[in-house]
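A quick write-up on the structure given underneath.
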Amino acid sequence: MKTEKKSSDAVSPVVGVMLMLVVTIIIAALVSSFASGLADSQSTPPQLALKGIYSQSGGLTITHAGGDPVALADIAFITTPSELFGADANKFAWTIDKSIILNPNGKPILNATSGFYTTAALVSGDSLHVAHENCVDYSTTAGWQGPSPGVNANAQILWDGSGKSEYFGAYAFCNPENVGKYFYLDMVDPAGSIIARAKVTITA
């Protein structure tokens, strides 16, 4: 008479495989959840086209030429002479003070006293302006003439009447000799990364 013995030897491998599958699924779910949350927490940089017009007699106009709207509190405008001005052009980058940038109603987009924005966002088709008096950064006879801050004020900071005016004046946008040259107008985020760039030709 034979006695049958039940063996549990085959159960252990099956249970082990099942546990490994469960652990793998849980880890995959956690990684997926973390990656999704990380992606949601990172804002996508705006994509837009920027246009600039600069006239020595009329000032600077900045236009949103299409694309995403952008909060003015989250960006800055920087001007940099191109290589056409000279070998030191990059040293003359200048951040335009928002208190001299005017909205279509002629009011500064940023109230320098209160720190509040009179215009919250720049959307496609909108234009901002810097008046002529804040763009007069050069005079052939008297050096710096405009009220600070300007749109290219690095070109006048070190003028001291000791012969430096010729060097710094070469990088000034209002220098009549610079008509026909162009400078770069950049819109940058708080980290200094360029969101959009316009090549702006200087006209009389």
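The values are calculated or read from the model by the stated rules, or taken from the named source; none is laboratory data. Quick caveat, the model's predicted, so the values are computed rather than measured. Here Cβ is always computed from backbone atoms with ideal geometry, including for glycine, and neighbour counts include all displayed protein chains.
For Asn152, the test of being surrounded by 13 or more Cβ atoms within 10 Å (Cβ to Cβ), under 13 Å from Tyr54 (Cβ atoms), modelled with pLDDT of 85 or more and in contact with a Pro (Cβ under 7 Å, 6 or more places away or on another chain) is failed.
Look at (1) under 22 Å from Ala170 (Cα atoms); (2) in contact with a Gly (Cβ under 6 Å, 6 or more places away or on another chain) and you find that Ile96 fails only one, number (2). Considered as a group, the residues in region 56-69 that are surrounded by 15 or more Cβ atoms within 10 Å (Cβ to Cβ) and of a type in the set (S, T, N, Q) include one that is nearest to Ala191 (Cα to Cα), and that residue is Thr63. Filter region 70-123 down to residues that are part of a loop (DSSP other than H, G, I, E, B) and touching a Lys or Arg at 6+ places or on another chain (Cβ under 9 Å) and give me whichever is surrounded by the most Cβ atoms within 10 Å (Cβ to Cβ). Only one residue fits best here, namely Phe85. Within region 163-181, being assigned to a helix (DSSP H, G or I), out of contact with any Leu (no Cβ under 9 Å at 6 or more places or on another chain) and at pLDDT 85 or above holds for Pro176, Glu177.
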